[in-house]
Amino acid sequence: LGDLGFRTFKVKVGRNPVAEISLLKEILGFAKGIQWRLDFNSLLKPLQVHEYLDRLNPQDLTRIEYVEDPCAFDLPSWSKLNKRIPLALDQAWSGPLWPWDENWDSSNDNSFQQLSFRHLIVKPAIQDLQRAWRWSCEKNLKVTVTSFMDHPLGIASTLQKVLELKKDAHPREGDRLS
């Protein structure tokens, strides 16, 4: 796969952890040079995520770029997990307000002083890419811009927004903008 130019794959996990682990180990064994993103869609409880990761060997864990939405968002659980493996926030931030929103109550800022994730997933069709980008830069977060099973017109719109951002914002190393 790497020979064909693919560098990163995303896998939806968490529905059947026992069956998934053996398949994931097999995939990680033959797909050398590929980084993986595991998306749990907040299906597991924090302890289950730790148990899931315990079943992978340490070398396999180094090939995981990040774990997306491992469990329902809560600061203590995510902080602990993020020390073990990089986390990405996606579903949990889809509402109602986030720090870059005009109506954000700044008294909530304390909960973001110690972020419990290293990557932010942004879907420009439903989220403000420019504001999310600026906020992520301030917090030194990596950004993954993506679409969500959208109509081709929506995907084209996302691509246009990414290209504009790429031209104007001088992306940092590690950001995925295409």
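Using Cβ point charges alone (K and R +1, D and E -1), the dipole size of segment 22-66 about the Cα centre works out to roughly 60 debye.
Among the listed pairs K25/K123; K32/K142; K10/K32, those whose Cα-Cα separation exceeds 21 Å are K25/K123; K32/K142. The separation of segment 44-94 from segment 1-30, counted between C-alpha centres, amounts to 16 Å. Positive contributions from Lys and Arg (+1) and negative ones from Asp and Glu (-1), summed over other residues with Cβ under 14 Å from the Cβ of S157, come out at -1. In this Cβ point-charge picture (+1 for Lys and Arg, -1 for Asp and Glu), segment 1-94 has a dipole of about 120 debye about its Cα centre. Rounded, prolate or oblate for segment 6-68? Axes are the square roots of the Cα gyration tensor eigenvalues, ordered a ≥ b ≥ c, and the cut-off for rounded is a/c under 1.5. Taking the square roots of the gyration eigenvalues as a ≥ b ≥ c, segment 6-68 is prolate. Estimated at the nearest 10 Å², the accessible area of S147 is 40 Å² with a 1.4 Å probe.
The values are calculated or read from the model by the stated rules, or taken from the named source; none is laboratory data. These numbers come from a predicted model, not from an experiment. Cβ: placed from backbone, ideal geometry, glycine included. Neighbour counts: every protein chain shown. What goes into the accessible areas is simple: the full protein's heavy atoms, side chains included, and nothing from ligands, DNA or RNA. Shrake-Rupley method; radii C 1.70, N 1.55, O 1.52, S 1.80 Å.
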